[in-house]
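**Q** Handing you this structure, nothing more for now.
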Amino acid sequence: MTAFVLASASPARLAVLRSAGVEPIVRVSGVDEDALIAALGAEASPEHVVTELARAKAKDVLPGLTSEGLSDFVVVGCDSMLLLDGELQGKPGSVEVARSRWASMAGRSATLLTGHSVLRVVNGSVIGDAHESSATVVHFASPEDSDLEAYLATGEPLQVAGAFTLDSLGGWFVERIDGDPSSVIGIGLPLVRTLLGRVGVGIAELWATSGRTA
Ligand SMILES: Nc1nc2c(ncn2[C@H]2C[C@H](O)[C@@H](COP(=O)(O)OP(=O)(O)OP(=O)(O)O)O2)c(=O)[nH]1
């Protein structure tokens, strides 16, 4: 049976996978995202940046897994950033930055890009890999100042790419999206299904390994 390893500290990605019938093994990568972005250079396309970050995360957790004796598994790494006015934005990290992000995006649209990297490992060797990014256009509402300040005060927008969530408090301020909702949250299920297929893994077998009955 093929095991599913999520190379991410993201509780959102874990929740999406669990809701979709997969109980992953979680391993957190130690990738220096800022250093990798700098190394890719200013010419790198936004899609290439998030995909390379995802690939680096998946690759980073490999050595530990093979030493754990796993014989047949897939590793999935992801990276999400918001593309607004041609600039890729990660997590704001502070109320001030999150407030300025909302000043730019309220009432407008932006694209949430999520890079995905899938590695198939059998008996310690990578026998297949597939990488691709997904793009979802997010149409933002214009929150009332009091609501926005209350949202900022919760701390939620500080720790997520683009300073918003679709599936939590931020959902009150998203009018609609064009594209895959799971990709906005952090891991695009239809794209991961396609990438798993490219490395010879069917998604239903992963439900089986997770012991899902209902
Ligand atoms: N719940 C939720 N989380 C979101 C949403 N949009 C973005 N995020 C989260 C998912 C990720 O945890 C985070 C994006 O940051 P990264 O892609 O760098 O992942 P993160 O640093 O969290 O973990 P990782 O680098 O994968 O170990 O923002 C959303 O709509 N809902």
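**Q** Would you mind putting 51-59, 15-23 in packing order, based on average other-beta-carbon counts within 10 Å, highest first? Walk me through the intermediate numbers first.
**A** Details: 51-59: 23.8, 15-23: 17.3.
Ranked by mean Cβ neighbours within 10 Å, highest first: 51-59, 15-23.
**Q** Right, next: Any chance you could list the semi-axes, whole Å, largest first, of the equivalent ellipsoid that the Cα gyration tensor gives for segment 1-49, using √(5λ)?
**A** On the way: eigenvalues 160, 28, 20 Å².
Output for segment 1-49: semi-axes of 28, 12, 10 Å.
**Q** Once amide H atoms are built 1.01 Å from N in the peptide plane, which residues 5 or more positions from Ala3, or in another chain, come under 5 Å H to H?
**A** Asp72, Phe73, Val74
**Q** In addition: Output ³J(HN,Hα) for segment 186-201: one whole-Hz value per residue in order, computed from phi by the Karplus curve 6.51 cos²θ - 1.76 cosθ + 1.60 with θ = phi - 60°, and x for Gly and Pro.
**A** These are the phi-based 3J(HN,Hα) values: x, 8, x, 4, x, 6, 4, 4, 5, 5, 4, x, 5, 9, x, 10 Hz.
**Q** Which order do the peptides 63-75, 184-196, 141-153 take when ranked by the mean count of other beta-carbon atoms within 10 Å per residue, highest first? Write down the numbers at each step before the final one.
**A** Details: 63-75: 15.5, 184-196: 22.1, 141-153: 13.8.
Going by the mean number of other Cβ atoms within 10 Å, highest first, we get 184-196, 63-75, 141-153.
**Q** With no solvent and one equal point scatterer per Cα, compute the Debye intensity ratio I(q)/I(0) for the chain at 0.10, 0.18 Å⁻¹ and report its log10, rounded to two decimals.
**A** Results for the chain at q = 0.10, 0.18 Å⁻¹ read -0.44, -1.24.
**Q** Provide the net charge surrounding Val184, with neighbours chosen by a C-beta distance below 15 Å and charges set as Lys +1, Arg +1, Asp -1, Glu -1. The partial results should precede the final answer.
**A** Details: positive: Arg13, Lys91, Arg176; negative: Asp79, Glu156, Asp167, Glu175, Asp178, Asp180.
So the surrounding residues net to -3.
**Q** Next up: What is the set of long-range amide H partners of Val174 at a cut-off below 5 Å, with H atoms built 1.01 Å from backbone N?
**A** For Val174, the qualifying residues are Ala141.
**Q** Ranked from the most accessible area to the least, with a 1.4 Å probe and all protein chains present, what is the order of Glu47, Glu175?
**A** Most to least solvent-accessible, the answer reads Glu175, Glu47.
**Q** May I ask you to rank Leu40, Leu6 by accessible area, largest first, using a 1.4 Å probe over the protein chains only? Write out the running numbers ahead of the final one.
**A** Details: Leu40 50, Leu6 0 Å².
Listed by decreasing accessible area, they come as Leu40, Leu6.
**Q** Could you give the length gained by full extension between Thr154 and Leu169, i.e. 0.36 nm per residue of separation minus their alpha carbon distance, to one decimal place? Before the final figure, lay out the partial values.
**A** Values: separation 15, 0.36 × 15 = 5.40 nm, distance 0.90 nm.
Between Thr154 and Leu169, full extension yields an extra 4.5 nm.
**Q** Order Met1, Met105 by their accessible area, 1.4 angstrom probe, all chains in place, largest first.
**A** Details: Met1 175, Met105 0 Å².
Of Met1, Met105, the descending order of accessible area is Met1, Met105.
The values are calculated or read from the model by the stated rules, or taken from the named source; none is laboratory data. Since the structure is predicted, the reported quantities are computational estimates derived from the model, not experimental observations. Ideal geometry is used to build each Cβ from the backbone, glycine not excepted, and the neighbour counts take in all protein chains shown. SASA here: full protein model, heavy atoms, side chains in, ligands and nucleic acids out. Shrake-Rupley method; radii C 1.70, N 1.55, O 1.52, S 1.80 Å.
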